Each structure stands twice: as structure tokens, then as C-alpha cells.
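Throughout, read-outs are computed from the coordinates displayed, never taken from laboratory work. Note that this is a predicted model, so its numbers are computed, not measured. In this analysis, Cβ positions are derived from the backbone assuming ideal geometry, glycine residues included, and neighbour counts consider all displayed protein chains.
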Amino acid sequence: MRSSSSVIPASAGIQSFQNVTRCLDPGFAGVTTMPIVTLFCGMLYVIEGTGRMIVDGKEIDINPGTIIMNPMGKIHSMKNTSNGEIVVFQVFTPAWKEPDRVPVP
């Protein structure tokens, strides 16, 4: 997995946000075996490849052009189902921090 990220800090009453571009290897299962609840809102846009997401119990096939909204507090996971990389662009608000993901038992 490769990724690049930038954070825009909060200012003038505007909440912080972060954008991330990720390249996920074939078979990447991310948090598929360990769904998480997030303490931020996120949007995912698929640039290349195919996969499957589960958002709040609903399974969704994703491919180039798919946009998924991950609401704050909802359980979600993702898996790369293609033979090549899946490339996604994500935006989080407020800006993502490691403790902002809570594993679901």
C-alpha cells in the first residue's frame, strides 16, 4: 500500500480536513476482517481498479468513478478485488488521526 496525504488545519471557524490518495495492492483486505467505526466523516472516490466496500451493513461493488460517503460513526470496511492496484482518493473531516478508528468486536 502506498499513500500520500495532506492536512488542512482548522481556521476561521472552518473544520480541519485531510485528503489522501492510496494505491492498494491486489487482494488488499484493509479492515475487511476488522470493521471499524470512525470519528470523522469520509468520502472515497475510486480512480482505478475494483473492490468491495461494506458501509453500515450494506455491501457495495466499487469501480472507477464510484463515490462512497462514510458517515461519522458508521461501520465500514474495504477490499481490493481486482488483479491490479486499486487507487482511491479520500477526504476526511475533521482531519483523520489514528485514534479516530475504533475496532468493532
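Exposure proxy ranking for Met78, Met69, Met43, based on other Cβ atoms within 10 angstrom of each Cβ and starting from the fewest, stands as Met69, Met43, Met78. Fully extending the segment from Ala10 to Leu39, taken as 0.36 nm per residue of separation minus the present Cα-Cα distance, adds 8.8 nm. Fewest-first ordering of Ile14, Ile86 by other beta carbons within 10 Å of each residue's beta carbon gives Ile14, Ile86.
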